[in-house]
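Q: Please find one structure pasted underneath; my questions will follow.
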Amino acid sequence: MDISYELNERDFRQAYVAHRNRNSFRKWARRIFIFSVCLGAAFVFFGFLLKPSAQAARSLFPLFGLVVMWIAILYLLPMWTMRRQFLKQPGAHGARTVTLDASGAHWRWNGGTSDVEWKNYIRSVEGDNQILFYTSPACFNIIPKRALEGSKLEEIREILKRNVPSSK
């Protein structure tokens, strides 16, 4: 099966989200952490509204600075990092083709090729908009689902089910 596509910045961001949420524990632990921090900040803020004072307002500044920092770390930094990674990686630009056959995946892109046997893939992850092929815990190749027609998507799922462990 041959799949041709071109990666874009959005593919990188969405692949990061799929990578970050690759198992339920990580996804829900992150969500619970964010909810807990927001709930704690809301309680402190409502406590201030019940008994406002200049001293209490001054002591809330570090808390809200911390909340802004966490928002930046959890949301803005990953988006900025994925943008930089896409823009500074020449191999990510241009047409790409992957051929999936009985021996493995054969990747072709502007400036390079890679032939990887199925035994070298440790897992695959299917995100909302892409499929990730992992050769190590943090190194993966991206196939955007927009490059797959309906029948190809089912076919690639079958190939992956036969050849690569899935983390979902």
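Q: Return yes when Lys145 is closer than 21 Å to Arg20 by Cα and either surrounded by 19 or more Cβ atoms within 10 Å (Cβ to Cβ) or out of contact with any Phe, Trp or Tyr (no Cβ under 6 Å at 6 or more places or on another chain) (or both) and no when it is not.
A: It is true that Lys145 is closer than 21 Å to Arg20 by Cα and either surrounded by 19 or more Cβ atoms within 10 Å (Cβ to Cβ) or out of contact with any Phe, Trp or Tyr (no Cβ under 6 Å at 6 or more places or on another chain) (or both).
Q: Still on this model: With (1) loosely packed, with under 13 Cβ neighbours inside 10 Å; (2) farther than 19 Å from Asp11 by Cα; (3) in contact with a Gly (Cβ under 8 Å, 6 or more places away or on another chain) as the list, and Asn110 as the residue in question, which single condition is left unmet?
A: All conditions pass for Asn110, except number (2).
Q: Do the conditions hold for Pro78, that is, is it at pLDDT 80 or above, in contact with a Gly (Cβ under 8 Å, 6 or more places away or on another chain) and more than 26 Å from Arg157 (Cα to Cα)?
A: Values: at pLDDT 80 or above: yes; in contact with a Gly (Cβ under 8 Å, 6 or more places away or on another chain): no; more than 26 Å from Arg157 (Cα to Cα): yes.
It is false that Pro78 is at pLDDT 80 or above, in contact with a Gly (Cβ under 8 Å, 6 or more places away or on another chain) and more than 26 Å from Arg157 (Cα to Cα).
Q: Does the stretch 134-157 hold any residues that are over 15 Å from Leu7 (Cα atoms) and within 21 Å of the chain's Cα centre (by Cα), and which are they?
A: Tyr134, Thr135, Ser136, Pro137, Ala138, Cys139, Leu153, Ile156, Arg157
Q: Is it the case, given these coordinates, that Arg22 is of a type in the set (Lys, Arg), within 30 Å of Glu126 (Cβ to Cβ) and surrounded by 14 or more Cβ atoms within 10 Å (Cβ to Cβ)?
A: Considered against the rule, which asks whether it is of a type in the set (Lys, Arg), within 30 Å of Glu126 (Cβ to Cβ) and surrounded by 14 or more Cβ atoms within 10 Å (Cβ to Cβ), Arg22 comes out as yes.
Q: Separate question: Given the stretch 1-116, what strands (runs of 3 or more DSSP E) lie entirely inside it while holding 2 or more residues that are closer than 19 Å to Asn129 by Cα?
A: So the answer is 2-6, 95-100.
Q: State whether the residues of the stretch 68-78 include one that is among the aromatic types (Phe, Trp, Tyr), surrounded by 13 or more Cβ atoms within 10 Å (Cβ to Cβ), touching a helix residue (DSSP H, G or I) at 6+ places or on another chain (Cβ under 7 Å) and free of Cβ contacts under 8 Å to residues at least 24 places away in the same chain.
A: no
Q: Could you say which residue among Ala56, Ala42 is of a type outside the set (Lys, Arg), exposed (fewer than 12 other Cβ atoms within 10 Å of the Cβ) and not assigned by TED's automatic domain parsing to the domain that holds Asp128? Even if it seems obvious, please write down each step before you answer.
A: Values: Ala56 fails: exposed (fewer than 12 other Cβ atoms within 10 Å of the Cβ).
Checking each option against the conditions leaves just Ala42.
Q: Of the conditions (1) under 16 Å from Thr97 (Cβ atoms); (2) of a type outside the set (A, V, I, L, M); (3) outside any strand (DSSP E or B), Phe133 clears all except one; give me its number.
A: All conditions are met except number (3).
The values are calculated or read from the model by the stated rules, or taken from the named source; none is laboratory data. If you're wondering where the values come from, they're calculated on a predicted model, not measured in any experiment. Heads up, the Cβs are rebuilt from the backbone with ideal geometry, glycines too, and the neighbour counts pull from every protein chain shown.
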